[in-house]
Amino acid sequence: MSQSAEANKQIVRRHLLEAVNQHKPEMWSEIMHPEFTVHHPLCKPGREGYMQLLSGYWQAFPDVKVELLHLVAEGDRVVAHYIERGTHLGPLFGAEPTGKRYEKHGFAMYRIEGGQLREAWLQEDDKAFFDQLGLKGFG
């Protein structure tokens with residue numbers, strides 16, 4: 001039985017506003033499938049791969065916050081339009097911290113299966129992100 005669009009949106013809200021914004025990876029065992037797949041070249045497969053990537057991101061940007069602008073759901077898909085903001089205070093992909101703040105706009109489409117995040121596709125303004133941080137040769 002499939003969940004309602006509103007229930008699927010709530011899963012994505014919890015992921016972004018609670019797990020990501022509040023640094024609560026323990027929530028993912030409840031809302032994220034163990035074989036969660038993020039279609040992004042920097043993310044290894046599975047929930048563990050995502051946790052590893054985000055753990056490094058939290059070290060580089062300990063104050064990172066996602067502001068949800070829109071959530072749209074249809075069937076088993078939820079699209080989030082958001083702004084991510086943070087300060088570069090730790091190493092990132094071998095680059096030393098710059099202390100600079102960034103604001104990155106993005107979209108993510110999630111597929112929900114059995115009440116859990118099962119798959120995600122991300123499209124973010126990575127070039128502007130690296131430019132704001134003053135990191136050349138990235139993005």
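Just the residues that are touching a residue at least 24 places away in the same chain (Cβ under 8 Å), among the aromatic types (Phe, Trp, Tyr) and open to solvent by 10 Å² or more (accessible area, probe 1.4 Å), please, taken from region 111-139.
Passing the criteria: Trp121, Phe138.
Determine whether Ala95 is within 26 Å of His33 (Cα to Cα) and among the small types (Gly, Ala, Ser). Answer is no for this residue. Within region 69-101, the set of residues being open to solvent by less than 40 Å² (accessible area, probe 1.4 Å), assigned to a strand (DSSP E or B) and in contact (Cβ under 8 Å) with a residue 40 or more places away in the chain comprises Leu71, Ala73, Val78, Ala80, Tyr82, Glu84, Leu92, Ala95. With respect to the stated conditions, Glu6 fails to be open to solvent by 30 Å² or more (accessible area, probe 1.4 Å) and over 18 Å from Ala73 (Cβ atoms). Of all residues in region 9-44, exactly one satisfies the criterion of being assigned to a helix (DSSP H, G or I), without any contact (Cβ under 8 Å) to a residue 12 or more places away in the chain and open to solvent by less than 70 Å² (accessible area, probe 1.4 Å), namely Glu18.
The values are calculated or read from the model by the stated rules, or taken from the named source; none is laboratory data. Just so it is clear, the structure is predicted and the values come from calculations on it, not from any experiment. With ideal geometry, Cβ positions are generated from the backbone for all residues, glycine too; neighbour counts draw on all protein chains shown. Just the protein is used for accessible areas: all its heavy atoms, side chains included, with ligands, DNA and RNA removed. Shrake-Rupley method; radii C 1.70, N 1.55, O 1.52, S 1.80 Å.
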